[in-house]
Amino acid sequence: MDIATHLASLRAEGRLLAADAEAAGPDAAVSTCPGWQVRDLLRHTGAVHRWATSYLVEKHTSGRPMAAAPDVDGDELVAWFREGHELLVEALEEAPDDLECWAFLPAPSPRAFWARRQAHETAVHRVDAESALARPEPRTLGSAFAADGIDELLRGFHARERSRVRSEEPKVLRVRTTDEDAVWTVRLSEKPPVTTPDAEGEADCEISGPAARLYLSLWNRLPLPDIAGDAAVARLWRETSGV
């Protein structure tokens, strides 16, 4: 998926997030993030957006702490979020393809990394904002975009040493989309998971479903869809995969 596609998703999802948060109000509970209210969601996502923008604009080549959100609420907080989101989109649009700055997952370039990461960051948190409106189902995400997000989660986030998805006994989890030509094999052990984009070998457990549902399920925003085989492997994911 190219940078332009990620940018279009980032732009749209951020605007939806702000609109849903504004409609729900700052005191509304975010059911997908227990313990959070809408104000917490806006402060977190807004801070992440500005943090990402700092790398694109200031070209930092090492990780830096995230600045705290300002002590504002209500309409001011929504306006602050919107401003930061637009600044991030502009920074990504204006960044050169050969930009050099820090990135924490493998990608073709730092610009490509930040476009992809912030598109998915914002999409998942848009679903969180929508949950504060108590809709029965979140708005549909494109299946190709969702499959891309699953790939980032499995082969990016959970390839890192900090992943808590570990198993004393080696296990194999397969993740398969039913509407995209995408499947992953996740090998679990006492070390970080090793994921390959294939269906090689036998799996102890397979989780399958439409890409958009799988995406949100693997990010623990929806229940896991179809599970075949050893359900304990699916429970292990559910209990330990929080990022």
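The values are calculated or read from the model by the stated rules, or taken from the named source; none is laboratory data. Please read these numbers as outputs of a predicted model, since none were measured by experiment. All Cβ positions, even for glycine, are placed from backbone atoms using ideal geometry, and neighbour counts span all protein chains on display. Keep in mind that these areas ignore ligands, DNA and RNA; they rest on the heavy atoms of the full protein, side chains included. Shrake-Rupley method; radii C 1.70, N 1.55, O 1.52, S 1.80 Å.
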The Rg/Rh figure for the chain, Cα atoms and Kirkwood Rh, to two decimals is 0.97
Sulfur and carbon atoms: percent of accessible area, the chain [1.4 Å] = 50
For the modelled label position 7 Å from the Cα of ASP181 along Cα-to-Cβ, which residues of region 192-208 have backbone nitrogen atoms closer than 12 Å?
-> none
Lys/Arg Cβ at +1, Asp/Glu Cβ at -1, dipole of region 122-184 taken about the Cα centre: which of ALA134, VAL172, TRP184 is farthest positive-ward?
-> VAL172
Cα gyration tensor shape of region 82-181, rounded if a/c is under 1.5, else prolate or oblate by comparing a/b with b/c = oblate
Computed magnitude of the charge dipole of region 111-224 (debye, nearest 20; Cβ of K, R +1, Cβ of D, E -1) | 520
Looking at the chain, what % of its DSSP beta bridges pair antiparallel, to the nearest 5?
-> 75
Given charges at beta-carbon only (K, R positive; D, E negative), |dipole| of region 21-117 in Debye = 460
Solvent-accessible heavy-atom area per residue, rounded to whole Å², over region 83-228 at 1.4 Å | 44
Unit charges on C-beta of K, R, D, E only; dipole of the chain, Debye = 480
Selection of GluC sites (Glu not before Pro), region 16-112, meeting DSSP coil and at most 15 other Cβ within 10 Å | GLU100
If one computes the Cα centroid of region 56-124 and of region 178-205, what distance in Å separates the two points?
-> 30
Residue among ILE150, ILE227, ILE207 with the largest mean-square fluctuation in a Gaussian network model of the chain, springs linking Cα atoms under 10 Å = ILE227
Mind checking which of LEU87, THR32, SER241 is farthest towards the positive end of the chain's charge dipole, using Cβ charges of +1 (Lys, Arg) and -1 (Asp, Glu) about the Cα centre?
-> SER241
